[in-house]
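The values are calculated or read from the model by the stated rules, or taken from the named source; none is laboratory data. Bear in mind that the values here come from a model prediction, so they are computed numbers and not experimental data. Neighbour counts run over all protein chains shown; Cβ positions are idealised from the backbone, glycine included.
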């Protein structure tokens, strides 16, 4: 289902750029502000699937009343992060006394780290037992094969953080709280695993098409250069060089896409439309 979000890239281009390159607080938007884009819940789910390391915060038993941060590995399973913890770990001791926890997952990349995405998952973290243990174990070992050496040791256990709420920050000016239900209903973007290859291909081999998109399908009619900075199932983002500076542009696909082949079809359709408009 296409989402209309109102939640307020291979050259190294920032995916989550500030609204305008010149730093103005209220830049003129050169594309349709209602263009289809992922919801913050979808952005958050996608980010959580991109990596498997994070910072877990628990309530310390040694220093009562203080949060304790731990560098941990995780895997996503049925919408929640799962972990394999030693009973000797400080965070395990903390969770056995107080199950409340949060997990900070941060995007990595070049440039200002505060312009990149991060998500904090808040909830309660409990040991996984009974018939739920084997599916959780399988999911975790698919992400962390080396953990199979100690996964069945008596002093190790699988834990699940049941997500109650989410804080999503996609960069400057892109942030919101996401409810647990919206998090559960959202899906990670299927195009994300192909996105870097698509972006590299478009920027290196089809820079002329990017300029056409901007000139024909946005208000950036004076675009001299353009680079693709992001792509998802609903559309893609570009940074256009105009007479007044670099401007962000987002365009939507005619149909949602699930893989690189479908994205190529939509991109070709759009360049044909752009050429027709500019005749």
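Before moving on, here are some points about what is shown:
- Among the candidates 211, 163, 178, residue that is within 16 Å of the chain's Cα centre (by Cα) and either outside any strand (DSSP E or B) or within 25 Å of residue 38 (Cα to Cα) (or both): 178
- Filtered residues of the stretch 248-279 (kept if in a helix (DSSP H, G or I) and within 19 Å of the chain's Cα centre (by Cα)): 260, 263
- Only one entry in 84, 114, 103, 95 is assigned by TED's automatic domain parsing to the domain that holds residue 177, over 27 Å from residue 146 (Cβ atoms) and not in a loop (DSSP other than H, G, I, E, B), namely 114.
- Selection from the stretch 43-72 of residues that are crowded, with 17+ Cβ neighbours inside 10 Å and under 11 Å from residue 103 (Cα atoms): 48, 54, 56, 57, 58, 70, 72
- The single condition from (1) in contact with a strand residue (DSSP E or B) (Cβ under 7 Å, 6 or more places away or on another chain); (2) not in a helix (DSSP H, G or I) that residue 221 fails is (1).
- Residue 123 outside any helix (DSSP H, G or I), modelled with pLDDT under 95, surrounded by 13 or more Cβ atoms within 10 Å (Cβ to Cβ) and in the same structural domain as residue 62 (by TED's automatic domain parsing): no
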